[in-house]
Amino acid sequence: MKKVVLDTNVTISALFWKGHPRLIYDLIRDGKLIMLLSAEMEKEFIRVLGYPKFGLAAQEMPPFIRDLRMHSRLIEPSSRIVAISADPTDNIFLDCAVDGKADYIISGDKHLLDLYSYNGVQILKAKEFLIKEGYLI
């Protein structure tokens, strides 16, 4: 089974809207993909979830966090990769992907996408991943 790392924006998009990120998250929920998550990624997810544009009160966040935890495999990366200097926080996705032996990072982030791949992990947009893996024609 393919292992994937979703960047924060893809995860948020999957939980709040329909579209390609949601299709990927549905595949994860259905047990067709394994989503890898690190504690650092979860912290980033919670931070972004708190943005005013999402309009969530603190007591509304736990269901989203539980859903994320329930459908992911927690990885404790030992790597501290420094491949992206323009936005060093993006390196947490590389840490998780490399140490978790992911097949893909699914992202909409230019800094990650510009790498194309890292240490054998392909980095693709959600739609590109779905096409490549045969979920979309």
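The values are calculated or read from the model by the stated rules, or taken from the named source; none is laboratory data. No experiment lies behind these values; they were computed from the predicted model shown. Note that each Cβ is placed from the backbone with ideal geometry, even for glycine, and that neighbours are counted across all protein chains shown. Remember, those area values only see protein heavy atoms, side chains included, never the ligands or the DNA or RNA. Shrake-Rupley method; radii C 1.70, N 1.55, O 1.52, S 1.80 Å.
Points to keep in mind about this one:
- Exposure ranking of Val98, Val82, Val4 by accessible area [1.4 Å probe, largest first]: Val82, Val98, Val4
- Positive-end ranking of Leu113, Pro63, Ile137 along the dipole of the chain, with charges on Cβ about the Cα centre, is headed by Ile137.
- 27 Å Cα-Cα threshold exceeded, pairs from Lys2/Lys125; Lys53/Lys132; Lys32/Lys53: Lys53/Lys132; Lys32/Lys53
- Expressed to the nearest 5 percent, the antiparallel share of DSSP beta bridges inside region 16-137 is 20 percent.
- Annotation: per residue accessible area for the chain equals 54 Å², rounded to a whole number [probe 1.4 Å, protein chains only].
- For the chain: relative contact order, % (alpha-carbon pairs under 8 angstrom, 6 or more apart): 29
- Low-density loop positions, trypsin sites (Lys or Arg not before Pro), region 1-79 - DSSP coil, at most 10 other Cβ in 10 Å: Lys18
- Average Cα contact separation per residue, region 67-122, under 8 Å, 6 or more apart, as relative contact order %: 29
- Expressed as a whole percent, the accessible area of the chain that falls on carbon and sulfur atoms is 53 (1.4 Å probe).
- With the helix formula -39500 (n - 2.57) applied to DSSP H stretches of n ≥ 4, the chain reaches a computed 222 nm mean residue ellipticity of -12000 deg cm²/dmol.
- Other residues whose C-beta falls under 10 angstrom from the C-beta of Lys3 contribute a net charge of +2, scoring Lys and Arg +1 and Asp and Glu -1.
- Using Cβ point charges alone (K and R +1, D and E -1), the dipole size of the chain about the Cα centre works out to roughly 360 debye.
- Linear extension gain, Asp67 paired with Asp87, 0.36 nm per residue minus alpha-carbon span: 4.5 nm
- Shown are Leu15, Leu23, whose ranking by accessible area with a 1.4 Å probe and every protein chain present, most to least, is Leu23, Leu15.
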